Every structure is written in C-alpha cells, then in structure tokens.
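Notes to accompany the following structure.
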Amino acid sequence: MADNKEWAGFYGVENRSNFKIEDDIYQGTLDFPAKSNYSLYENQTFDPEYSNFTTDDFCTSNYSHVYLNVTCEFPVNYAEPMYGYIAPFLLATTTVANTLIVVVLSRRHMRTPTNVVLMAMALCDMFTMLFPAPWLFYMYTFGNHYKPLSPVRACQAWMYMNDVIPAMFHTASIWLTLALAVQRYIYVCHAPVARTWCTMPRVKKCLIYIGIAAFLHQFPRFFEKEFVPHVTVWRGRREEVCRSEISAWVHKLSVDAYFITYFTFRVLFVHLIPCTSLVVLNVLLFRAMRTAQINRQKLFKENRKSECKILRDSNCTTLMLIVVVTVFLLVEIPVAVVTILHIISSTLVEILDYNIANVLILITNFCIIVSYPINFAIYCGMSRQFRETFKELFIRGSVTSRNGGSSRYSLVNGPRTCTNETVL
C-alpha cells in the first residue's frame, strides 16, 4: 500500500496504513536511504534542500513520513474549521448536557436498570470528547498543527489521548447502545425473562464486562508504536522531534497479522455486528410498539384506562429509545462503511481514494461528536419524568413530591413493577 494512504479516524478508523512491512518508512522510498544503510545518522535528517519546504511540498515528499507532523496526517482545510473552531463549542455543550443527564439519572428515584445504561452511555460519550480536546485546541484552535511534535512524551500523549483512549470509550458506548436495545427488546417482547435477566445487579455486571472488553480491545495499541528522538532541519534550524516506529513485538508477530486481526475484530464486533443487530432490534421494537398501540386502542374502547395508560407510557419509552438508537446508527454506519472499505483496499484490492477517504472520515467523525448533545434533547422532549426531575433539581431547587411520590416512576418505563420496569 502506498505511503499516501496514511489516514486517521478519530473514533473509528485509526491511522493505520502500515498493513504491509514493505510500507515501512525506511524501505522502498526513493529519496531516503534504506535502513540498512542508515546507521550512523538514523536519527537525523540534515538535507538543507528541504529546509524551506512549503507545507504542501513537505507533505507530498517522502520526508513527511520521517517524523510526526499533524498537518500531513489530516486534511487541514477541513480539520481546522471543524475541530479547531466548532468542536470547542460542541465540547462545552456535550460536557454540560451529559453532566446534567448523569446528575438527573443518578437521583435515587431514577435509578433503574435502563437508566443506569443511559448514564453510562452519557459518561462514555463525554470522555470520548474530553480526552482529545486539549490536543484539538493546541493543534487547530491555536494553529500549531504545522509544527513537528516533540518531545517523545508529547508524541506518546498525542497518540494515547487522540487515538487510543477515545476509541476505547467510543467502543464501550457502541456496546452500551446495543445492550440498551437488547434490554428494551426483552422488556417489551419477553416480559417473563426480564424479571430474571434485567435486574440491577446483572446490568451493573454487564456494564463492568463491557468496560473491561473495550479496554482489552484497545490495550495492545498502547504498545504497538514506539517514539524515538529524531533530529531534523525545520525552517532552517536543527530541531529534535520524534519519529514513530512499529514496536519490535509487532514485527516479531507480523505487522500484517497484527493489523489485519485488529481491524477484522473491529469491523466485525465494533461496527458490523452491533449496527446490524441494532437495525434488527429497532425494527422488532417498532413492530411491538405498533402492536401495543392497537391493543391500547382496544383497551381505550373498553374503558380500561389504567391498562391503557401503562401501554401508552411503555410505547413512549420504546419510541424514545428507538429515536436514540436511530440517531446512533445514522452517524455510526458511515464510519463502519469507510472502515470496511479501508480493510478491503489494504488487503485485497485497491478501491479507495485515500484523499477522499481522509475527508469522509473527518466529516463522519465530526458528525459523531455533533450527535453527543442530542440525547439530552431527546430525553427532555420525550420523557416527562426526566423533565420533571430536571426542573426540580435546577429550577425549583428541590424535589417536590407528586401524586404518590416520584419514586414510583421510572424515566423510561412509567410506573414500576417488581422488576423496577414496566413490561408488556
């Protein structure tokens, strides 16, 4: 695969062009000596011919692959306005909105298995944005993207905070969304099973398992690269920057095997299977909701108002979760498609224009962070209990008791049953 295929995905498709050993920056380049002939000055680049490169000239040269330079990794014309100027406002909005979600859902009368999952999703989405935020500000808001990154610890922090850790939290968020849809499907379509499987202890264990699995999925990536000091000429001066190398253990294992295994797992278990399952579950939930609506009309005609209200509340809950999952799918499916195309283009046949792919992945990742504050609006617009609790906490300043006490109600399930959820 050619060197210009180094493209990055903030949350989904990472900077992984090194699928083939022959793509190593020291092998097969036209203007740079092979590593076997590069022992004495292997950490230096002194060619004065390149000291006054423009950004475009530098990024199209083979020297752009010697050390970490963010300008050459991302389409800056798109990244700077989106991540430098708009993202800070989205970060503030997401932090405030998701903090409010956590505060409201953590109230004692709001603690239900479903609400715990919603709260975990809000935290994961918020951390997905918080970790890369300092680097986004430094690189794009303050205009430092053109500078070579140094020292080595800064390069390591850039990789961990901008790539690995956000991917870990986003992976957890994807699996939490799937868990939420499965949980709601059990409540609506298999009520007796819900009394056993959808209890608070089991849901908390599920959250822990998801967190551990997301961490293990990204754990090797903390060690897949090594950053070493590198002396180069930048703007006419000798500067010590950092150069990235694939770790020895990856080479020993096989670079091809490592990255193909990682991306295959990610495509299957982080994108393809969860998105497909969510589409199927959304369809099943929608059908169940339509059936429940027909039953509700029959109950209404029979003047059975109490049962009619339970069905109405349950349908509102199902509709709200369908909307949450639909918003998730709208931003996740494009990332999954580009990831799959990346795998095919890197391993089977070249079908992807990586200049276009760079732009697409930046836009799709940007859409993901735009979607983060939307859940708060969905909860406020579609959940009466969430609105009431929010008003009591932040407008009146204290929780007031309603008819029968607010603890009798759940954000997403109406009056509580013995399983703390309303089931059909």
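The values are calculated or read from the model by the stated rules, or taken from the named source; none is laboratory data. From a predicted model like this one, the values you see are computed outputs, not experimental measurements. Note that each Cβ is placed from the backbone with ideal geometry, even for glycine, and that neighbours are counted across all protein chains shown.
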task: Find all pairs meeting these conditions: Cβ atoms under 8 angstrom apart; at least six residues apart or on different chains; first residue within the range 256-285 and within 21 Å of residue 216 (Cα to Cα); second residue exposed (fewer than 15 other Cβ atoms within 10 Å of the Cβ).
output: 256/21
task: Mind listing just one residue for me: the one in the range 311-335 that is surrounded by 22 or more Cβ atoms within 10 Å (Cβ to Cβ) and either within 14 Å of residue 361 (Cβ to Cβ) or out of contact with any helix residue (DSSP H, G or I) (no Cβ under 7 Å at 6 or more places or on another chain) (or both) and, of those, modelled with the lowest pLDDT?
output: 317
task: Among residues belonging to the range 386-412 that are over 18 Å from residue 94 (Cβ atoms) and modelled with pLDDT of 85 or more, point out the one that is surrounded by the most Cβ atoms within 10 Å (Cβ to Cβ).
output: 389
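Looking at 194, 172, 167, 181, which is the one that is small (Gly, Ala, Ser), surrounded by 21 or more Cβ atoms within 10 Å (Cβ to Cβ), part of a helix (DSSP H, G or I) and modelled with pLDDT under 90?
Result of the check over 194, 172, 167, 181: 194.
Given the structure, is residue 383 buried (at least 16 other Cβ atoms within 10 Å of the Cβ), closer than 30 Å to residue 107 by Cα, touching a Leu at 6+ places or on another chain (Cβ under 6 Å) and in contact (Cβ under 8 Å) with a residue 24 or more places away in the chain?
yes
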- request: Take the range 341-361 and flag every residue that is buried (at least 17 other Cβ atoms within 10 Å of the Cβ) and more than 13 Å from the chain's Cα centre (by Cα).
  value: 342, 343, 345, 346, 352, 354, 357, 358, 359, 360
message: Quick test of your reading of the structure: residue 152 fulfils all but one of (1) buried (at least 18 other Cβ atoms within 10 Å of the Cβ); (2) more than 22 Å from residue 71 (Cα to Cα); (3) over 17 Å from the mean Cα position of the chain (by Cα). Name the failing condition by number.
response: (2)
Unique residue being more than 23 Å from the chain's Cα centre (by Cα) and over 29 Å from residue 245 (Cβ atoms) when the list is 112, 99, 141, 95: 112
statement: (1) at pLDDT 80 or above; (2) closer than 29 Å to residue 166 by Cα; (3) not aliphatic (A, V, I, L, M) all hold for residue 347 apart from (1)
statement: Reported set for the range 92-115 where residues are assigned to a helix (DSSP H, G or I) and surrounded by fewer than 20 Cβ atoms within 10 Å (Cβ to Cβ) is 92, 93, 95, 96, 99, 100, 102, 103, 108, 109
